[in-house]
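Following: one structure in C-alpha cells, then a few remarks.
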Amino acid sequence: MSESSEFLTRIRKLKWINRWGLSKNLVSENVMEHSWEVAVIAHLLGLLARRNGEAVDPAQLALAGIYHDATESLTGDLPTPVKYHSPQLQQAYKALEHEAVEMLSADLAPDLGEEIRALLSGEHLSEKEAQLLKAADMVAAYLKAEEERDAGNIGYIKPLGYLRERMDKLNCPEVEQLFAEFINVEIKSEGPIRE
C-alpha cells in the first residue's frame, strides 16, 4: 500500500484560514464556511438557471462551490485588492493557484486526482456554469458585507457598492432571481417545530 494522502488534512486546514484579512470584522468567516455557503448559493443559481432553460448541472455547481477555494489550503486567502492590484500580481496569483491545484491533486491516487483536479480548476464547468459559480462567490461576499454593515461595521458600506457593481456586470439574471426569491424575503415566524 502506498503512503497515505495528505489531501483531507490539507482541506481541513481551510477552517483555520480567515477571510477578509484587510478588514475589521465583527463576525469572523473562514474559508471552509465560505465554501459551504458558495456551494449552496451555486446550487440554487443552477436550479434557477435550469428553470430558465439553461443546460446546467446544479449538483456539479454545488461541488464546484465546495472546492472553489480549496487551493487556499496551500496559498492562504489573498485579499481581492491585492490579487487584482496589477496585471503582474494577477498573473503571479493565477500561476500560484495552478501550482496549488497540481499539488493537491497529485497528492491523490491518479484516478481520484484527475477528478479532483477538474473540480479544483473548474475546467469541468460550461461557460454558463463558470459564470454562475463566480456569481455565487460574489453573492456570498455581498451577504457577508451586508451582515457586517447590519452589525454596525461601516467599513463594509463601500465594499457593498463595489460587489453590487461587479454582480451587475456579470449580466446574470439568476442573481436577481436569487435575491428576489431567497434573500430579500421576510422570514415569518411559524412558532416552534412540533413533532
³J(HN,Hα) computed for each position of segment 158-167 - Karplus, 6.51 cos²θ - 1.76 cosθ + 1.60, integer Hz, glycine/proline x = 5, x, 4, x, 4, 5, 4, 4, 5, 5
Could you please state, rounded to a whole Å, how far the C-alpha centre of segment 27-75 is from the C-alpha centre of segment 108-169?
-> 8
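Need the full-extension length gain, Ser126 to Leu89, defined as separation in residues times 0.36 nm minus the C-alpha distance. One decimal, nm. Walk me through the numbers on the way to the answer.
Details: separation 37, 0.36 × 37 = 13.32 nm, distance 2.66 nm.
Using 0.36 nm per residue and subtracting the Cα-Cα distance, I get 10.7 nm.
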Compare the Cα positions of Leu8, Gly46, Met103 along the charge dipole of segment 1-131 (+1 at Cβ of Lys, Arg; -1 at Cβ of Asp, Glu; about the Cα centre) and return the one farthest towards the positive end.
-> Gly46
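Over segment 59-180, with every protein chain in place, what whole percent of the accessible area is carbon and sulfur at 1.4 Å, could you tell me? Provide the component values of the computation, followed by the final result.
Values: 3570 of 6360 Å².
The C+S portion of the solvent-accessible surface of segment 59-180 is 56 percent.
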Treating only Lys and Arg (+1) and Asp and Glu (-1) as charged, each at its beta carbon, one finds that the chain has a dipole about its Cα centre, in Debye to the nearest 20, of 620
Hz values of 3J(HN,Hα) by residue in segment 110-119 - Karplus curve (6.51, -1.76, 1.60), Gly and Pro given as x | x, 5, 7, x, 5, 5, 5, 4, 5, 5
Describe numerically, in nm with one decimal, the distance between label points set 7 Å from Cα along Cα→Cβ at Lys24 and at Trp36.
-> 2.9
When ranked by the protection proxy of mean other Cβ atoms within 10 Å per residue, highest first, what sequence do the peptides 104-110, 88-94 form?
-> 104-110, 88-94
Express the accessible area of the chain per residue in Å², computed with a 1.4 Å probe while the remaining protein chains stay in the model.
-> 62
What percentages, rounded to whole numbers, describe P(r) for segment 78-191 computed over all alpha carbon pairs with 10 Å bin width beginning at zero?
-> 11, 29, 33, 20, 6, 0
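Mind scanning Lys134/Lys169; Lys24/Lys158; Lys15/Lys144; Lys15/Lys169; Lys13/Lys158 and naming the pairs with a C-alpha gap bigger than 22 Å?
Details: Lys134/Lys169 12 Å; Lys24/Lys158 13 Å; Lys15/Lys144 17 Å; Lys15/Lys169 31 Å; Lys13/Lys158 30 Å.
Beyond 22 Å between Cα atoms: Lys15/Lys169; Lys13/Lys158.
The values are calculated or read from the model by the stated rules, or taken from the named source; none is laboratory data. All values reported here derive from a predicted model rather than from experimental measurement. Here Cβ is always computed from backbone atoms with ideal geometry, including for glycine, and neighbour counts include all displayed protein chains. Note: areas computed on protein heavy atoms with side chains; ligands, DNA, RNA excluded. Shrake-Rupley method; radii C 1.70, N 1.55, O 1.52, S 1.80 Å.
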